[in-house]
Every structure is written in structure tokens, then in C-alpha cells.
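To start, the structure itself, in C-alpha cells.
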Amino acid sequence: MQLVFITLAGEHLIKVLELDADGGLHDRLEVPMGGGPGPLAFSPDKSVLHVGIRSTNEMASFGVHDSGELTEISRIDLESDPCFISTDNAGNFLLSAYYEAGHVAVHRIGPNGGVEGPTIEWRATAHRAHCALTDATNSHVFVPHVDDSNAIFQFNFDESNGTLTPNSPSKVVPPDGDGPRHYRYHPSGRFVYFDNEQGSSVTGYHLSASDGTLSPFQTVSTLPDGFADDNSCAQIHMSEDGRFLYASNRGHHSIAMFEIDGETGALTSLGQQSAPPTPRAFAIDNSQQFMLVGGLDEGELATYSRDLNSGLLTYVGTRDIGDQPMYFLFKNV
């Protein structure tokens, strides 16, 4: 069995569900969260859950029990509201991106597992920063920016002290109108994939492991031919085996599906699976057999089974989940 942790920003709580082996979802409990909880990140061993609380500019850390209950460890004030958080690979630092403030930050994680202040880094980049993740070597970080900022900032990360140093070149500038938003590293360590919010596309980049820089090699639309209405991409996720990639379309209301060539990194579109209106948040479960998709407009949660060989999704069912589902994480118990 798995627990599913879902932030519901409009209801100021984290909802905890059970996901059974057949894809069934069952209510477990609700954890009140003052402010609008948004991004989530587990510690590497999933014993601690970090939560970015956007309406109150806070970061909180909680011990995670097998029951799904959360025990607060620490809570700190932030300079702005975080739109994305992640831990480094060793679990010693928490990285965060700030859309409104146009910054990337690094905080230390204390011996009790809780995030600590003050910031190690509070580095200005450009407005509408949207993501920050360390690579497999734990030595490089990229910070994409959407809309008119339209850039990916490149940093070296020092895992001993949590500092960020601008790489050379300091940023990659995509074609006008792309707006890189979120990204995922391929398990080979050779490719990185960014979904483009304004461009409604995914761009594959070669990653130089030695110097931590990106070079684009392919951009593929997330939309079907002939679709001309407004659309923007939100999150992007990859299967653990690195064979399939998924991005959410807000406007077309779908999940775009891609197969990844393990040798070249090239993407092949597998089409789109319809989703609840404005699918901002989605995730693949730990078994890799299911995908959950949250519809922001109507507070719906859709379940899909995922074919491990083809990567295709099959609709299972939809249930009400609550106001503004923002992020999902899974934990085996």
C-alpha cells in the first residue's frame, strides 16, 4: 500500500489518501496547514516531508508516520512564496525557487531533519523562476524561468556547504515564447527535459556531466496537430526507467505522452490522454503502474493505469479531491 500526500491550497490542508495495489483510492486523514500549502519534497528516505506554504511565506518540515500523520519538526519564515522545493541528493539542503521574487534559495536541513534558517543562498536570477533540482552528481543545478524571462540559469552546487556558483555560461536562452518551467533528469545522466509553459512543448537538452552545461537537441509539441486554442504546460514527470516522459497541458486539458530513445535521448510523441480541466499537478506512483492527475478548476482527481511497456495511460476513474490540488507525493508503507 502507498500513502498519497496532496496539498490543497484552497482548503489550507494536506490530504492523505491510501492507494491500493489495484489503483483504488481511500481517504486516510487530513492535516490542517495554515496558509496555502503548495510544493512538497521528501527527504531521501521519505521520513521527513517539507512543505512550502505560499500564502504565509513559510517553509515547514514534518516527520512522517506510517499512519500518514505528520509531526511538525520546524517552521521558518521566507523572503517570498516558494513555487517549487527539492532536497539535494544527500538530503542536507533544501532548494527552492521563487516565481514572484525571481530568486533561488538554499536552506540547511538540520540533524533533526527540519529545515533551518537563515538562507545559505538567496540569489537573484530573474522574475518567474520556477524550479531547482540537483543532478545525479549533486554538483549542478538549473533554474528555469517562464514567460518574458525565458531562460535557464546554470549553477554549480557545492554539496559540502550548499552554495551556488554561476556556471559559464550563466544561462541558456531558449527561442522566444518557450518559457521553460519544470524539468527532469534522465537516469543515464546524459539528457535533461524541460517542459515549456508558453511554448506548449518539451525540449531535450544534452547535459555535460563534466561542466554542468546544457545544449538543446530537440523540441516536440505537447499538443495534437490542429489545436489552436490557448494552452500552457505545467508539470513534467518521467518514469523511473527513463523510457517515458509526461507533461500536463492546461487548455487542451490532457497529459502529453512521449517515448524516450535511451541511446539518443530523442522523444517520440505517443499522443495525449484527456485529463480533468486545468491539470496542473500530476504524478506517477511508486509502483509505476498508476498516474494521478489533479484538475485545478473543479477539484477533481483522476486515476490512470500506466502500461509499463508502452507508456500509455488508461483512464480508471475520477473522484472529488478538494480545492486547488497543487502537488502529489507517494510513500510506501
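Once phi is turned into θ = phi - 60°, what whole-Hz ³J(HN,Hα) does the Karplus curve with 6.51, -1.76 and 1.60 give for every residue of segment 68-82, x standing for Gly and Pro?
x, 5, 10, 10, 5, 9, 7, 8, 10, 7, 10, 6, 7, 8, x
Compute the normalised compactness of segment 33-172: alpha-carbon radius of gyration over 2.2 N^0.38 Å, N being the residue count.
1.00
Using 0.36 nm per residue of separation minus the Cα-Cα distance, give me the extension gain between R28 and S215 in nm, one decimal.
On the way: separation 187, 0.36 × 187 = 67.32 nm, distance 4.47 nm.
Extra length available between R28 and S215 comes to 62.8 nm.
Give the distance, in whole Å, between the Cα centre of segment 54-128 and the Cα centre of segment 169-197.
23
Please rank D147, D225, D88, fewest neighbouring Cβ atoms within 10 Å first, as an exposure proxy.
D225, D147, D88
Just rank D158, D261, fewest to most, by other beta-carbon atoms within 10 angstrom.
In increasing order of surrounding Cβ atoms, one gets D261, D158.
Order these by the 10 Å Cβ neighbour count, fewest first: S208, S287.
S208, S287
Using the Karplus equation 6.51 cos²θ - 1.76 cosθ + 1.60 (θ = phi - 60°), what ³J(HN,Hα) coupling, rounded to whole Hz, does each residue of segment 174-180 give in order, writing x for Gly and Pro?
x, x, 3, x, 6, x, x
Using the Cα atoms of the chain, I'd like the radius of gyration and the largest Cα-Cα distance, Dmax, both in angstrom.
18.4, 54
All of the numbers you see were taken from the coordinates with simple rules; none came from a lab. Since the model is a prediction, treat every value here as computed from it, not as a measurement. All Cβ positions, even for glycine, are placed from backbone atoms using ideal geometry, and neighbour counts span all protein chains on display.
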